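Each value in this text was obtained by applying a stated rule to the coordinates, not by laboratory testing. Just so we're clear, the structure is a prediction, and the values are computed from it rather than from any experiment. Cβ atoms come from the backbone with ideal geometry, glycine included; neighbour counts cover every protein chain shown.
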Amino acid sequence: MNPDGPTQSERHEQSHERSHEQHEHPEIGGGASRRLSCAACDALMIDHVYGETGDDDRSAVARHLATCPTCALAFCRLKADLDGVLEATVMAPPGALRRRIREEMAKSFGPRWTTRLLDLWRRPVPVYGVVFASLIPVMIWVAATLRPPGEAALREEVSDSPPPALTDYDSMVPLLPEDLPI
Amino acid sequence: MSADHNRCADEELVRILRGGDLSAFDVLYGRYDRRLYGYVRRLIKDPCTAEDLFQEIFVTVLRDRTYDPSRGRFAAWLFMVARNRCLAELRQRKTREGLADEVRARWQPTAALSPERAVGDASRVQAAMSALPDGQRQLILLKQIGELTYREIATLLGVAEGTIKSRLHAATVAFRRLLSEGSPET
């Protein structure tokens, strides 16, 4: 026994014991109105901090923590310890890694040419689209007008012209030597 | 586009990415880069190997289509792949190096003297985590860093959910005891 009276930790323990005495009743009620003892709350505290309690337990623990400063303090310490794990572990990877992985992703999932074309079409400058759309019939007309005459048109042109007339034909003129059959 | 993606669930982002929208990758990467890299670094101490593994895990899960969004949470799958890859790497390394590691470890300075160990809470937490047995450390990391549920961890380790719950309770109590006492390493 300390002659100067209880130390801080002893006072803390005594206060927790008193608190336990106050809350030593078993669980009272059921469902949403259930009240927990400190021991019951302590048993659920780890599940609660990990977010693994069911709806009833979660509200019961929350209600108990709101009314019991000792358990609330214990819960805060537990949460701080576990949050410390997260803080001590998370670490930013080097920026080059992000670029490398993104390149891999771009190779595998990069947009196809159809998607790119569609994206271009959907650009937030609608006048481009309107102008382009209005130009399409004009371009078709120009293309049709300037099209060079095809084979059919040429044939038609030939059939329309009169057959060539044979003039100055004289059957008595002897054939030239190169025209004679061998 | 990216602002919309920020509200999307991970599984939806994976679908969008596979549809060809790379901005979904940026959001996914931003959500998991620090946690996953920290997790890998915690298991694989060598930074170069950890970087390679980090890249491999991300690419495996996203590009190689090992993950099917309709079959579960992305985080659970990502950390499952990460854990398996890290353990495989550790096994390979153990086989490769064997005795050489032990000899080197004897000649290395103690962890407490390492310049990486800053004075403060982070080093105390790291020391306490390092002092935990492998299984307990894995559980706490999967829960706190991976944010996996008891059920997901149980599926990953192939044990009952109740077993995971009791093991995680024991691990948490052991970790807090080491943290308050000061682990043997410090």
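Under 11 Å from the Cβ of residue B:44, count the other residues' Cβ atoms, weight Lys and Arg +1, Asp and Glu -1, and hand me the total.
That works out to +1.
Need one number: nm distance between label points at residue A:132 and residue A:39, each 7 Å from Cα along Cα→Cβ, rounded to one decimal.
7.6 nm
Test of understanding: ordering A:139, A:91, A:105 by Cβ neighbours within 10 Å, fewest first, what list do you get?
Fewest to most other Cβ atoms nearby, the residues stand as A:139, A:91, A:105.
Report the extension gain between residue A:80 and residue A:56 in nm, rounded to one decimal, defined as 0.36 nm multiplied by the number of residues separating them, less their alpha carbon distance.
Values: separation 24, 0.36 × 24 = 8.64 nm, distance 2.42 nm.
Full extension of this stretch gives 6.2 nm more.
Once the Cβ-Cβ distance between residue B:34 and residue B:166 is put in as r, and R0 is 25 Å, what FRET efficiency do you end up with, to the nearest 0.05?
Plugging the Cβ-Cβ distance into 1/(1 + (r/R0)^6) gives 0.25.
Check which residues have an amide H placed less than 5 Å from residue A:37's amide H, if you skip close sequence neighbours.
A:27
Which of A:175, B:132 has the fewest other C-beta atoms within 10 Å, and how do the rest follow up to the most?
Ordered by Cβ neighbours within 10 Å, fewest first: A:175, B:132.
May I ask you to derive the FRET efficiency for residue A:63 and residue B:60 from their Cβ-Cβ distance with R0 = 45 Å, giving the value to the nearest 0.05? Intermediate results must be reported in sequence, preceding the final value.
Working: r = 45 Å, r/R0 = 1.00.
Step by step, r from the Cβ atoms, then E = 0.50.
Measure off 7 Å from each Cα along the Cα-to-Cβ vector at residue A:141 and residue B:180, then give the distance between these two points in nanometres to one decimal.
Label at residue A:141, label at residue B:180, 9.0 nm between them.
Can you give me the convex hull volume of the Cα atoms of segment B:1-93, divided per residue and expressed in Å³?
About 90 Å³ per residue, rounded to a whole number.
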